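A.B. asks: Dropping the structure in here first, questions after.
The values are calculated or read from the model by the stated rules, or taken from the named source; none is laboratory data. As the structure is a computational prediction, the values presented were derived from the model and not from experiment. Virtual Cβ from ideal backbone geometry, glycine too; neighbours counted across all protein chains shown. Remember, those area values only see protein heavy atoms, side chains included, never the ligands or the DNA or RNA. Shrake-Rupley method; radii C 1.70, N 1.55, O 1.52, S 1.80 Å.
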Amino acid sequence: MIRRAKQADIPQILNLLSQVLSVHHKGRPDLFKAGVVKYKPEELAEIISDDTRPIFVADDGGVVKGYAFCILQQHKNDNILTDIKTLYIDDLCIDEACRGQHIGKSLYEYVLSYAKEIGCYNVTLNVWQLNEGAMKFYEACGLSVQKIGMEKIL
């Protein structure tokens, strides 16, 4: 079952956040710290209560097997961007022990359905080049490159 995250989900979400950080730290230890998580429990509690930043979880009998952190974006009265509503997937993770069970696909399709329901023009996300598994997953879901970030390490 996919649903909005609740305060009671915070410990399990924190565990999944640490899995994501581990992947990023292993791939880019120059950018990502080890042994930390993206949000503190009180920050997660605030996000869960914010309707402009919905978190969806894949719940299997009280066990959170994955999540999708989303952010509603709209550029009203912007000088160059059109006034479209976008649902940005800030983070999507499936528990390492549950991968290959199509939970990610179900979670992603739920996010797409939610975005359509609330009148979004598109769904966007960023993926680090080091995360080849995620890139392949998103391509298999039908996403295509919108823009590319580049760097030169000095």
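A.B. asks: How big is the dipole moment of the chain about its Cα centre under a simple scheme where the beta carbon of each Lys and Arg is +1, that of each Asp and Glu is -1, and everything else is neutral? Debye, nearest 20, please. Present the calculation step by step, with values, prior to reporting the outcome.
C.D. replies: Values: 18 positive and 20 negative charges, 49 e Å.
That gives the chain a dipole magnitude of about 240 debye.
A.B. asks: Mind checking the full-extension length gain between CYS98 and ASP78? Use 0.36 nm per residue of separation minus the Cα-Cα distance, one decimal, nm. Each step should come with its number before you reach the end.
C.D. replies: Details: separation 20, 0.36 × 20 = 7.20 nm, distance 4.19 nm.
Result for the pair: 3.0 nm of gain on full extension.
A.B. asks: Cα to Cα, under 22 Å, and not fewer than 8 places away if on the same chain: which lysines meet these conditions relative to LYS85?
C.D. replies: Candidates past the 8-residue exclusion: LYS76, LYS116, LYS147.
A.B. asks: Measuring from the lowest to the highest alpha carbon on each principal axis, how far does region 2-154 reach, largest first, in angstroms?
C.D. replies: 43, 43, 32
A.B. asks: If you don't mind, another one. What are the equivalent ellipsoid semi-axes of region 1-48, built from the alpha-carbon gyration tensor (square roots of five times its eigenvalues), in whole angstrom, biggest first? The partial results should precede the final answer.
C.D. replies: Working: eigenvalues 109, 27, 12 Å².
Square roots of five times the eigenvalues give 23, 12, 8 Å.
A.B. asks: Do me a favour and compute the ellipsoid semi-axes for region 82-154 from its Cα gyration tensor, root of five times each eigenvalue, largest one first, whole Å.
C.D. replies: Each semi-axis is √(5λ); the values are 22, 20, 9 Å.
A.B. asks: Rank LEU130, ILE94, ASN15 by how far each Cα sits towards the positive end of the charge dipole of the chain (+1 on Lys, Arg Cβ; -1 on Asp, Glu Cβ) and give me just the farthest.
C.D. replies: Result: LEU130.
A.B. asks: State the percentage of accessible surface on the chain attributable to carbon and sulfur atoms; use a 1.4 Å probe and exclude ligands, DNA and RNA.
C.D. replies: Working: 5140 of 9790 Å².
C and S fraction of accessible area: 53 percent.
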